[in-house]
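The values are calculated or read from the model by the stated rules, or taken from the named source; none is laboratory data. Since we're looking at a predicted model, the values are computed, not measured. Note that we place each Cβ from the backbone using ideal geometry, even for glycine, and neighbour counts take in every protein chain shown. All accessible areas refer to the heavy atoms of the entire protein, side chains included, with ligands and DNA or RNA removed. Shrake-Rupley method; radii C 1.70, N 1.55, O 1.52, S 1.80 Å.
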Amino acid sequence: MSKSFDIGIESLAGGATAVREGRHGHLGSFAAPAEEELQKSDSSAFESDSRSASIAIPTDTKKSFYIETFGCQMNAHDSEKVSGVLLGRGYHAVENPMQADLVLYNTCSIREKAAQKVFARLGDWKTVANGKIIGVLGCVAQQEGEEIFERAPWVSLVCGSASYRKLPELLAQLEAGGRRVTGLDLDTDETFETEITRRDNPIRAYITIIEGCDYSCSYCVVPHTRGPERSRSSEAVLAEARRLADAGYTEIQLLGQTVNSYRDPSARKWKFVDLLRGVAAVKRIRRVRFTTSHPNDFHREIVEAIDETPELCDHVHLPVQSGSNAILRAMRRTYTREEYLAKIEWIRAASRPISITSDIIVGFPGETDADFEESLTLLDAAQYDAIFSFTYSPRPNTSAKDMPDAIPEAEKSRRLAVMNERQRQIQIARNEKLVGETFEVLVDARHAARGQWGGRTSCNRLINFTTTRENLLGEYVSVQVTRGGPNSLVGEQVL
Ligand code: SAM
Ligand code: SF4
């Protein structure tokens, strides 16, 4: 439940001053995802920071907070920004919720299980809240609204992500004794800009470039929980990237539910591809990633930019959701299987070896055996490097919720297992072909027990390797692949 607070603080207040703090001021153990966990490639947990610096935030304050995050990378980064707001108000972070004055849950409601987990957590406080302020943030907050106060009367704060900019105001009301405070406004064209952002990952820094979503996929809660699409100005994004580079970060990941729908609201009117090139040109930034791309807004010029710009990583995450045109139509995905595969062709035709990952849902209402078979043959055609596969979960306020011909849970699970096995075979074959190749790896993990280090290639493959060198965290090293597993590679450092 707890997350370590090895933090980097990036402060807007002092212009380019960015200060970071390692919890113990020494190298500790990093935990990278185990091979078997790695169908989902971006779930590394970091437990230490290799760099240390002084910190301008007071640490002797009386008010403390604890925040637990559920769900996607965007939620994780929202929590970094919310934590920044709290640090700026004089709170300090603790690792145990029992020790906190303010306990926040930043929630996800993309699938039913994620939403249920939050209510289980809230239930834990029923008899022991003892004057603590308990708050619910994120998608469940937006979706359930004031209903949360009915189900868990010990909760005092309910705030959806589209209202985070109001957090200072809401916190002031709570500090003044407010009992039930809400931020549930969805109708906004503003983005969440923070004076301070806490950086939990010492190796990779995140920048949200676009919030909300203007698509209306029939299964998805995001437009209802995160509100309409709002892009940040290109200047604000570039300024943040420069501050991160000054703080020592070399890898940046640009975030958005549909990151490539980015449209600069400023007079400069940059397109997504201009922003990609702009961030890649920031001095000392060596790697730029971006997620998640919507196929509809994925244009050939993005592939050209990757091909021409070494700092843009060799990886595109392009969720397809289904291989069947009938299901894509029912999902309101706005493209056909053929159009999607044509985009995969552009990526495969690039001169750089760009890896491709995807999201797929199985068991959407009405998905026949033939539709499911089309998703399987799409895996064969696309040759993904990894997929995130999900069983369809009916969600409130979505049009798919009441569609006929629901697929029984057992059948959904069966299809998921079949799909994962098919993809596993593809990954084994693809990764085996990489044996003998050498990759540049940004080291982000130490597996002391196995005598290995871990890191990511530009194409976002996890590679665990041996070396005679020490203190590699945060370094770029060359690693030759000696073995390919289904979800990761094994190698040796080339010295
Ligand atoms: N914006 C991204 C896109 O358009 O592909 C997806 C963002 S969503 C937070 C992440 C993934 O969750 C989706 O790509 C989809 O595969 C999955 N997902 C969303 N709603 C779902 C549902 N109701 N049931 C199962 N999976 C779902
Ligand atoms: Fe959800 Fe579709 Fe928007 Fe992605 S594009 S966040 S799946 S509505």
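Structural remarks
- Taking trypsin sites (Lys or Arg not before Pro) across the range 96-162, the ones in a DSSP loop with at most 12 further Cβ atoms lying within 10 angstrom of their Cβ are 126.
- Per residue, the convex hull spanned by the Cα atoms of the chain measures out at 146 cubic angstrom.
- DSSP beta bridges confined to the chain are antiparallel in about 40 percent of cases.
- Anisotropy class of the range 377-494 from Cα gyration tensor, a/c 1.5 cut: prolate
- Computed in the context of the full set of protein chains, the accessible area of the chain at 1.4 Å probe radius has 50% of its extent on carbon or sulfur.
- Sparsely packed GluC sites (Glu not before Pro) within the range 63-126, loop by DSSP, other Cβ within 10 Å at most 16: 95
- For the chain: accessible area per residue (Å², 1.4 Å): 40 Å²
- Net length gained if the chain between residue 184 and residue 448 were fully extended (0.36 nm per residue, minus Cα distance): 90.5 nm
- Taking a ≥ b ≥ c as the square roots of the eigenvalues of the alpha-carbon gyration tensor, the range 77-143 is classed oblate because a/c is 1.5 or more while a/b is no larger than b/c.
- Relative to the current alpha-carbon distance between residue 350 and residue 483, full extension at 0.36 nm per residue lengthens the span by 45.3 nm.
- Secondary-structure-derived ellipticity at 222 nm for the chain, considering helices only, amounts to -8500 deg cm²/dmol, per-run term -39500 (n - 2.57) for DSSP H runs with n ≥ 4.
- In terms of Cα atoms, the Rg and Dmax of the range 269-382 work out to 15.7, 52 Å.
- For residue 266 and residue 383, the FRET efficiency from 1/(1 + (r/R0)^6), where r spans their Cβ atoms and R0 equals 45 Å, is about 0.70.
- Tail fraction, Cα-Cα pairs, the range 179-278, threshold 23 Å, whole percent: 33 percent
- Isolated Cys in the chain, by beta carbon distance under 4.7 Å: 72, 108, 139, 159, 213, 313, 459
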